[in-house]
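K.L.:
This is the structure I want to talk about, given as structure tokens.
What follows draws every value from the coordinates through simple rules; no lab data is involved. The model shown is predicted, which means the values in this text are computed figures rather than measured ones. Using ideal geometry, Cβ is built from the backbone for each residue, glycine included, and neighbour counts are taken over all protein chains shown.
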Ligand code: FHN
């Protein structure tokens, strides 16, 4: 297929299109599908080499009777999440929406509902921008060839069926379903396509017909923000943001010295789908620090929940969302509209910095409360006023006032000393 010319866009146009995203910083990822029934990882079909017929029992029993997307949306809103991305279809191929191109969809299961429609309406009602995750990979579709990532990769029979098959029918299926998702559910603000694995026995841009797919996406939703997993890294306009997954970049990712938009997607517990028996859950404080560190490096955090097969969020997730929301109530000003602090401002020990370039306010996130003084090297003349964010109580600051005496703090005249309360007040 001839490769499409992707729509040209100036850096200023892209910046304007992504302005809300760069401002909002914090979104909810939702991984939900048939894999919520086995409840032991969204790759269970792959890890356990399950055939379609072995997996069918999850389709036959998919009935999230307690599904209430209004409840999910309220929990996201209270946590301070400004956008949301739901798996409309994950690698298992099961569609949470009423697609006319497959029978493998939620409206044909006992729940009989278009879960995506209910999701989009509920989150929009709370003023939360709506996005989709859509899997390029499909371990159920007959035209998706068996490859090194497929559950049937070790099955000679399945491999033989494959021989000589090309992906053009499947490419059309992708286009048809993305057309449904991008025309029947209102404005879609983010599209998380997942994922390419080019090379031997893999799949990449030619298998997806990526340029034509992306051209279609941009035609249907011109303002949409698209991730970097179509294997178009080297193609101008081939992606909008980088997607470091379950890790924290050491610094703001850059290409040829140019910092790029990025969104790290993270889980509470390591698994994306609901995993009943997984116990390595990150603490609320770890998650808050993760959000702050992400923003301190100019990035967005897409934090994932994996609802159960009854359609409710795991209590462990709800507890953490509540804790993050309690923190955001007082501190969201240090997240929304913020980014990495100017390079000339040195980061004090055990602190993270976020900065709002419009208000020119610097936020110092103190991870380890120091005894009495917080040293700001080279900040002299740069600070007008300092306060604790939570209660707006003033924090006095000075340069070193008694050089040479036994009380000297050995700081240079260009340094500033913030005199913090000795004990971290619960208002900090
Ligand atoms: O294989 C998927 C995985 O299940 C999950 O959806 C993540 C989320 O970014 N993406 C792929 C792994 O990179």
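K.L.:
How far apart, in nm, are the 7 Å Cα→Cβ label points at residue 148 and residue 233?
P.N.:
Here the modelled spin labels are 1.5 nm apart.
K.L.:
To the nearest 10 degrees, how steep is helix 315-331 against the longest Cα principal axis of the chain, on a 0 to 90 scale?
P.N.:
Result, in degrees: 40.
K.L.:
Would you please put 7-16, 331-340, 84-93 in order of how densely packed they are, using the mean number of other Cβ atoms within 10 angstrom per residue and starting with the highest?
P.N.:
My ranking of the peptides, most packed first, is 84-93, 331-340, 7-16.
K.L.:
Separate question: Can you pull the percent of Cα pairs in segment 204-338 with separation above 17 Å?
P.N.:
67
K.L.:
Please work out the Cα convex hull volume for segment 269-428 and give it in Å³ per residue.
P.N.:
Enclosed volume per residue, from the Cα hull, is 131 Å³.
K.L.:
Once the Cβ-Cβ distance between residue 347 and residue 23 is put in as r, and R0 is 30 Å, what FRET efficiency do you end up with, to the nearest 0.05?
P.N.:
0.85
K.L.:
What distance in nm separates the simple spin-label points at residue 16 and residue 179, each placed 7 Å from Cα in the Cβ direction?
P.N.:
3.0
K.L.:
Compute the distance in nm between two label points, each set 7 Å from the Cα along the Cα-to-Cβ direction, one at residue 57 and one at residue 252.
P.N.:
Inter-label distance under the simple model: 5.2 nm.
K.L.:
I'd like the FRET efficiency for residue 396 and residue 220, computed as 1/(1 + (r/R0)^6) with the beta carbon distance as r and R0 of 51 Å, rounded to 0.05.
P.N.:
0.35
K.L.:
Sticking with this one: Over the Cα atoms of segment 120-279, compute the convex hull volume and normalise it per residue, giving Å³.
P.N.:
It comes to 169 Å³ per residue, whole-number rounded.
K.L.:
So, R0 is 22 Å and r is the distance between the beta-carbons of residue 384 and residue 333; what FRET efficiency does that work out to, to 0.05?
P.N.:
E(calc), rounded to 0.05, equals 0.85.
K.L.:
For the chain, just say rounded, prolate or oblate: build the C-alpha gyration tensor, square-root its eigenvalues into a ≥ b ≥ c, call rounded for a/c under 1.5, and beyond that prolate if a/b exceeds b/c, oblate if not.
P.N.:
prolate
K.L.:
Then there's this: Summing -39500 (n - 2.57) over the DSSP H runs of n ≥ 4 in the chain and dividing by its residue number, what mean residue ellipticity at 222 nm do you reach, to the nearest 500 deg cm²/dmol?
P.N.:
-8000 deg cm²/dmol
K.L.:
Here's another thing I want to ask about it. In whole percent, what relative contact order does segment 171-224 give with Cα contacts below 8 Å and a gap of six or more residues?
P.N.:
Once normalised by length, the contact order is 49 percent.
K.L.:
If you stretched the chain out fully between residue 47 and residue 315, how much longer would it get, using 0.36 nm times the residue separation minus the C-alpha to C-alpha distance?
P.N.:
93.9 nm
K.L.:
Based on the alpha-carbon gyration tensor of segment 1-84 and its eigenvalue square roots a ≥ b ≥ c, which shape applies: rounded if a/c is under 1.5, prolate if not and a/b is larger than b/c, or oblate?
P.N.:
oblate
K.L.:
Still on this structure, I have one more. In nm, what is the difference between 0.36 nm times the number of residues separating residue 373 and residue 156 and their Cα-Cα distance?
P.N.:
Value of the extension gain: 71.3 nm.
K.L.:
Using alpha carbons only, how many degrees (0 to 90, rounded to 10) separate the axis of helix 115-125 from the longest principal axis of the chain?
P.N.:
30
K.L.:
What do you get for the angle between helix 69-78 and the principal long axis of the chain? Use alpha-carbon atoms, 0 to 90 degrees, nearest ten.
P.N.:
Tilt relative to the chain: about 20 degrees.
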